[in-house]
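Notes for the one structure printed next.
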Amino acid sequence: AESSSQFRRVLLKLSGESFSRPGETGINPDEVSKIAEQAARVARKGIELAIVVGGGNILRGATLARGSGVIKETTGHYMGMMATVINGLALQDALEGLGCETRLMTPIRMEEVAEPYIRRRALTHLTRGRVIILAAGTGSPFVTTDTAAALRGKELEVDVVLKATRVDGVYSADPEKNPHAALYESLAFDRVMREDLKVMDGAAIGMCRDNGLPIIVFNYKREGNIERVVAGELIGTWVSD
Ligand code: UDP
């Protein structure tokens, strides 16, 4: 495929769904090791890799709280952040098992299991070739790990945010439901916002747009795609100004 230049430092956003089998919840070790193998190959090439992990395979705060009347929505969001830590621990072991040096970092302190997220320390890890796994999102409720990805991507000065999905990119309609849905090769932030296209949540899109941080939405299910996208191959949908 055609390619632009290779990225040097990237932020990979892995949703919780990449930790489970399609249509299932929880953690499936085979799925975790598949994604870890792809990520490890990228790290071995000397690409600086920060991974923001989601938690939707375990729990989403808003969904849990909706209609329950028992658990407050705020509590649900904190629970969701904890869910991302569970995924982060699984991914850490999978990566370390492949010989990859990693650090799990969280903005909510839990020093027995993860380092506190400190920007300068995160940058040191990256420059020393360690994969940093960023869990517990932003540390604040009412946002998602997409927002955390945009925020950390900006502050860690990555070249691009890579949003891993199960489909090939951003479509004019849901491709799992509509066979006529067309895949966009590139999109402007303004159009994504105007047409409410499914790239990342609104807060994350706004933050990437305001900071000129491009996003590539791509299919992580195709073996080798994480390497391809990092190498600058023109796969997926590129979202920029
Ligand atoms: N969450 C939060 N603040 C954050 C990141 C996440 O409150 O900064 C909570 C929120 O309830 C969210 C849940 O954690 O639904 C799991 O994250 P997310 O939905 O982003 O997971 P994904 O969709 O990527 O699997």
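Each reported figure results from applying straightforward, stated rules to the coordinates on display, with no laboratory input. This structure is a prediction, so every number in the text was calculated from the model and none was measured. Methodologically, a virtual Cβ is constructed for each residue, glycine included, from the backbone with ideal geometry; neighbour enumeration extends over all protein chains shown.
Amide H to amide H under 5 Å from Ser186: which residues, 5+ apart in sequence or cross-chain, H placed 1.01 Å off N in plane?
Amide H neighbours of Ser186: Trp238.
Using the Karplus curve 6.51 cos²θ - 1.76 cosθ + 1.60 with θ = phi - 60°, work out ³J(HN,Hα) for each residue of region 85-101 in order, rounded to whole Hz, and write x for Gly and Pro.
Result, ordered by residue: 5, 4, 4, x, 5, 5, 5, 4, 5, 4, 5, 5, x, 9, x, 9, 7 Hz.
With an 8 Å Cα cut-off and a minimum separation of 6 or more residues, compute the relative contact order for the chain in percent.
Answer for the chain is 23 percent.
By average Cβ neighbour count within 10 Å, what is the ranking of 170-183, 57-70 from highest down?
The densest-packed peptide leads the list: 57-70, 170-183.
Dividing the Cα radius of gyration by the Kirkwood radius, what Rg/Rh value follows for the chain?
A ratio of 0.94.
Counting other Cβ atoms within 10 Å of each Cβ, which GluC sites (Glu not before Pro) in region 56-123 have at most 13 and sit in a DSSP loop?
Glu101, Glu111, Glu112
Using R₀ = 45 Å, calculate the FRET efficiency as 1/(1 + (r/R₀)^6) where r is the Cβ-Cβ separation of Arg44 and Ser68; round to 0.05.
According to the calculation, E is roughly 0.50.
Just give me a number: lysine pairs in region 9-240, eight or more positions apart or cross-chain, with C-alpha atoms less than 17 Å apart.
11
Taking a quarter of the surface of the convex hull around the Cα atoms of region 18-103, what do you get in nm²?
6.0 nm²
In 10 Å bins starting at zero, report the fraction of Cα pairs in region 119-241 per bin as a rounded %.
All Cα pairs considered, the percentages come to 13, 41, 36, 9, 1.
Per-residue ellipticity at 222 nm for the chain, helices alone: DSSP H runs ≥ 4 residues times -39500 (n - 2.57), over residue total, nearest 500 deg cm²/dmol?
Computed mean residue ellipticity for the chain: -11000 deg cm²/dmol.
What FRET efficiency comes out for Thr75 versus Arg121 if R0 is 41 angstrom and r is the Cβ-Cβ distance? Round to the nearest 0.05.
Rounded to the nearest 0.05, the efficiency is 0.90.
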